[in-house]
Amino acid sequence: MAGTSAIVEVIAEPSLSLRLLAWIAAGAVLGCCSGLVPGLHANNFALLLAGFAPSIPGEPLFVGSAMLAAGVVHTFVNAVPAMALGVPDAEMAVTALPGHRMVRDGRGYEAIRLSALGSLLAVLVAIPLAVPITWGMTSIYPTVRSNLSLLLAMVVVALIASEYTWRARVGGFVSFVLAATLGVLTLDLSPDAPLEAGGMLAPLFAGLFGAPVLIDAIRGGSVPPQGDEGLRASGPFVAATALAGAVAGAIVGYIPGISAAIAAVAVLVLIPGRSGDRGYIVATSGVDTANTIFALFALVAIGQPRTGVMVAFESVGAPLELPVLLAGVVLAGLFGFVLVVTIGDAYLDLVGRLEYWKISVAVLSLLLVLSYLFTGPIGIVVFAVAAAIGMVPVRFRARRVHLMGVLIGPLLLGG
């Protein structure tokens with residue numbers, strides 16, 4: 001009832017509604033800026049927010065709504081550098097290569113719209129499904145948690161077996177082992193760094209998923225002119241894939257180690273027909289955005305912040321007024337859709353006008369700087385090692401999703 005009274009108060013008071021809208025818009029702009037920075041992981045961004053958010057003057061509910069909006073819009077916009085530059089956020093790891101291929105084929109505008117649609121449909125679908133799915137997940141969560149190692153092992157075997165050739169399966173296995181070893185050795189490190197933004201995720205994911213694409217691009221050509229904006233995927237296919245992605249986002253929100261990349265692969269196995277790169281993009285975008293919404297429900301249901309955004313949300317003492325927060329999520333989703341379609345096209349056009357090898361060198365330098373800022377000198381070393389490991393699946397023509405062993409490996413050993 002408290003949530004209902006809160007939203008009634010906001011609606012009844014025009015000044016409160018305008019203030020809430022202003023906070024959500026500010027969060028959307030912030031999420032857009034963070035999403036456009038190549039290699040800026042959502043958790044690093046969220047923990048940066050958590051560091052200064054308590055000092056922001058404003059009602060905790062409004063500040064929390066802004067932070068949640070920033071997190072949602074980040075999941076929309078982070079697809080743009082993943083496609084234009086090949087540097088994904090962790091959750092967009094599986095999307096980077098398919099999106100990059102579409103850009104190389106002159107279908108970048110379509111790829112951007114597919115990603116935006118996948119995220120927007122996930123928002124619209126996840127909210128009505130959140131209550132029944134959250135009830136189901138919380139009922140089985142103790143069983144899942146007690147058998148997590150077995151579940152993760154089954155996921156790893158299924159991912160490797162799903163490769164189409166023995167060469168790719170070998171590459172997937174080697175990639176997983178190397179990434180898992182790197183995760184075991186580095187994830188728990190707490191190095192001194194200029195920015196207190198938490199953990200080794202920035203150099204790990206920038207090296208594993210961003211650097212290999214950029215290194216290969218130094219020897220390649222520039223981004224070709226992009227074609228028309230029309231979608232070559234059917235409406236029912238996009239809707240079905242986004243729906244499956246939204247449901248998978250709930251699983252990602254509750255099971256440690258299962259990323260959006262892994263969930264997207266599972267989704268595409270269940271989607272009939274030839275999905276290809278377009279299916280990857282829609283599915284992963286849907287999983288990524290839905291995960292942010294279900295993480296909010298997970299915080300309510302089990303009291304645990306499952307994402308960096310939820311950690312930041314808790315840091316400001318924001319009340320869990322679900323009606324107000326979910327209204328903000330829907331508005332943020334609409335903001336995110338418009339921002340991706342407009343800014344994404346301009347981003348691609350700008351990249352297309354520049355010499356790509358120069359862009360690759362500049363972005364690699366930026367990733368090195370981010371690695372240093374978040375993790376100090378050791379981050380540079382971790383970034384270099386991760387970049388070398390990230391080249392393995394590419395050379396074996398295997399999916400890069402096996403590199404998520406960097407998270408799964410430590411969980412397996414930790415039991």
* Distance in nm between label sites at Ala22 and Gln304, each 7 Å beyond Cα in the beta-carbon direction? -> 3.9
* Asked: Which whole-percent values make up P(r) of the range 111-171 when all C-alpha to C-alpha distances are grouped in 5 Å steps starting at zero?
  -> 4, 14, 11, 11, 12, 21, 18, 8, 1
* Asked: Tell me, what HN-Hα J-couplings in whole Hz come from the Karplus equation 6.51 cos²θ - 1.76 cosθ + 1.60 at θ = phi - 60° for each residue of the range 141-151, using x for Gly and Pro?
  -> 4, x, 5, 4, 5, 6, 10, 4, 4, 5, 4
* Order of 345-353, 201-209, 16-24, 329-337 by packing, highest average Cβ count within 10 Å first? -> 201-209, 329-337, 16-24, 345-353
* Note down the nm distance, to one decimal, between modelled labels 7 Å out along Cα→Cβ at Leu231 and at Leu195. => 3.4
* Determine ³J(HN,Hα), in whole Hz, for all residues of the range 128-135 in sequence, where each value follows from phi through the Karplus function 6.51 cos²θ - 1.76 cosθ + 1.60 and θ = phi - 60°; x replaces Gly and Pro. => x, 8, 4, 5, x, 5, 5, 4
* To do: Highest first, please rank the peptides 187-193, 67-73, 312-318 by the mean number of other Cβ atoms sitting within 10 Å of their residues.
  => 67-73, 312-318, 187-193
* Structure fact -> Along the range 316-325, Karplus-curve 3J(HN,Hα) (6.51, -1.76, 1.60; θ = phi - 60°) to the nearest Hz, with x for Gly and Pro, reads 9, x, 5, x, 8, 8, 4, x, 5, 5
* **Separation in nanometres of the label points that stand 7 Å from Cα toward Cβ, at Arg101 and Trp135** => 4.1
* Structure fact -> Hydrodynamic calc, the range 268-359: Kirkwood Rh from Cα pairs, then Stokes-Einstein at 4 °C with viscosity 1.567 mPa s, so D in µm² s⁻¹ is 80
* Structure fact -> Which residues qualify? For Ser162, with a placed amide H closer than 5 Å and at least 5 residues away or on another chain, they are none
* **Cα gyration tensor shape for the range 325-369, rounded if a/c is under 1.5, else prolate or oblate** => oblate
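A short reminder: the numbers here are calculations on the coordinates, not readings from a lab. Predicted, not measured: the structure shown is a model, and the values here were computed from it. With ideal geometry, Cβ positions are generated from the backbone for all residues, glycine too; neighbour counts draw on all protein chains shown.
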